[in-house]
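Peer 1: Got a structure here, written out as structure tokens. Questions coming.
Read-outs: derived from the displayed coordinates by stated rules, not from any lab. Worth saying up front: this structure is predicted, and the values here are computed from it rather than measured. Cβ sites come from the backbone with ideal geometry, for glycine too, and all protein chains shown count toward neighbours.
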Amino acid sequence: MNRPQLGPASKVLILTGAGVSAESGVPTFRGIGGLWEGRRVEEVASPEGFDADAKTVWRFYSLRREGAAKVAPNPGHLAIAKLEEKLGDRLLLATQNVDGLHARAGSKRMICIHGELFKTRCEQCNVPFDDDKTYFDAVPICPECKTGRLRPHIVWFGEMLNPAHLTQIDDFIESAGNELVFFAIGTSGQVYPAAGFVDAARRVGGTCWLVDVDPSPDYAARFDHVVRGKSGEVLPHLFGV
Ligand code: OAD
């Protein structure tokens, strides 16, 4: 297998998507056809969905919390955490996954750009807190202000990503310049702005790798190297960890 050359000045940006958690048993977003109980996921994972039927949205996320609590990190998550041990602050992980498996594998220099399943926040107070509870019966109310509804700390369809997260990623790319090695792993490249990181990496002269069991042709065309395979099998070899 062709392997990336990581020298002492290399900086590594990793973007992960649902494919990295597939071998842990977490279904990929598009693998389930984008449907949950016959509804389009966009109808459930959106501010409009929450306004229309907050109880159903909480049932969806409660089931996801239960599912994510039962699974464990796989060798793909572990390989990324081991590469971070080697590179320290020369590595940054941006994940689109909300399942918490990267953190459980040991990743620390990580940004959860689409939010975190095991966090909740009040619609009014807006301060996220750790929460592994499930809410099947009623929409929870904020224990602090006693009026605001609690909602999952997830970036829903139609919502903006945290601008501070995007700045951190942009700064990392700019500071790396042509020493940047960018990996997109297990993501179909359909959701922006994450799908545009490869273009930013190319603009600064970085080298771009895509690892995916079934790469989307349009997305793959924007990479220098495409490795077809399961992340849990490919990454330990690719990273030499
Ligand atoms: P997708 O479901 O769109 O894509 C998952 C990708 O992983 C596909 O390209 C699969 O071929 C690949 N894949 C599946 N199993 C794999 C494995 N074992 N090893 C490597 N690759 C594998 O998921 P994402 O790209 O993550 O956003 O979706 C991006 C965003 O779309 C999600 O974060 C979610 C959704 O809208 C929000 O919820 C905001």
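Peer 1: Pulled fully out, how much extra length does the chain show between GLU37 and THR167, if you take 0.36 nm times their separation in residues and subtract their Cα-Cα distance?
Peer 2: Values: separation 130, 0.36 × 130 = 46.80 nm, distance 3.67 nm.
Using 0.36 nm per residue and subtracting the Cα-Cα distance, I get 43.1 nm.
Peer 1: Continuing with the same structure: Within the set LYS70/LYS146; LYS70/LYS119; LYS133/LYS230, which residue pairs have Cα atoms separated by over 21 Å? Walk me through the intermediate numbers first.
Peer 2: On the way: LYS70/LYS146 32 Å; LYS70/LYS119 17 Å; LYS133/LYS230 32 Å.
Table pairs above 21 Å Cα-Cα are LYS70/LYS146; LYS133/LYS230.
Peer 1: Could you check what % of the DSSP bridge pairs in the chain are antiparallel, to the nearest 5? The partial results should precede the final answer.
Peer 2: Working: 9 of 32 bridges.
Of all bridge pairs located within the chain, approximately 30 percent are antiparallel.
Peer 1: FRET efficiency for ASP199 and ASN126, Cβ-Cβ distance as r, R0 = 45 Å, nearest 0.05? Numbers along the way, then the final one.
Peer 2: On the way: r = 31 Å, r/R0 = 0.70.
The value I calculate is 0.90.
Peer 1: Principal axis extents for segment 12-60, Cα atoms only, whole Å, descending order, please.
Peer 2: Sorted largest first, the three principal extents are 41, 23, 15 Å.
Peer 1: Can you tell me how much longer the chain between ILE141 and ALA69 gets when fully stretched, taken as 0.36 nm per residue apart minus their C-alpha distance, in nm with one decimal? Working shown, then result.
Peer 2: Details: separation 72, 0.36 × 72 = 25.92 nm, distance 2.33 nm.
Value of the extension gain: 23.6 nm.
Peer 1: Here's a follow-up. Can you list the DSSP H helices in the chain whose Cα atoms extend at least 15 Å along the helix axis and whose mean Kyte-Doolittle hydropathy is -0.5 or higher? Don't skip to the answer; put the middle values down first.
Peer 2: Details: long enough: 54-70 (24 Å, -0.75); 75-87 (18 Å, -0.04); 163-176 (20 Å, -0.08).
Both cut-offs are met by 75-87, 163-176.
Peer 1: Now for a separate question. For a quick size check, give me the Cα extents of the chain along its three principal axes, largest first, whole Å.
Peer 2: Reported extents, whole Å, longest axis first: 53, 32, 30.
Peer 1: Right, another one. Identify, among ALA68, ILE14, VAL155, the residue whose Cα sits farthest towards the positive end of the charge dipole of segment 1-155, taking +1 on the Cβ of Lys and Arg and -1 on the Cβ of Asp and Glu, with the dipole about the Cα centre.
Peer 2: Selected residue: ILE14.
Peer 1: Here's a follow-up. Most fluctuating residue of SER62, SER175, SER231 in a GNM of the chain with Cα springs under 10 Å: which is it?
Peer 2: SER175
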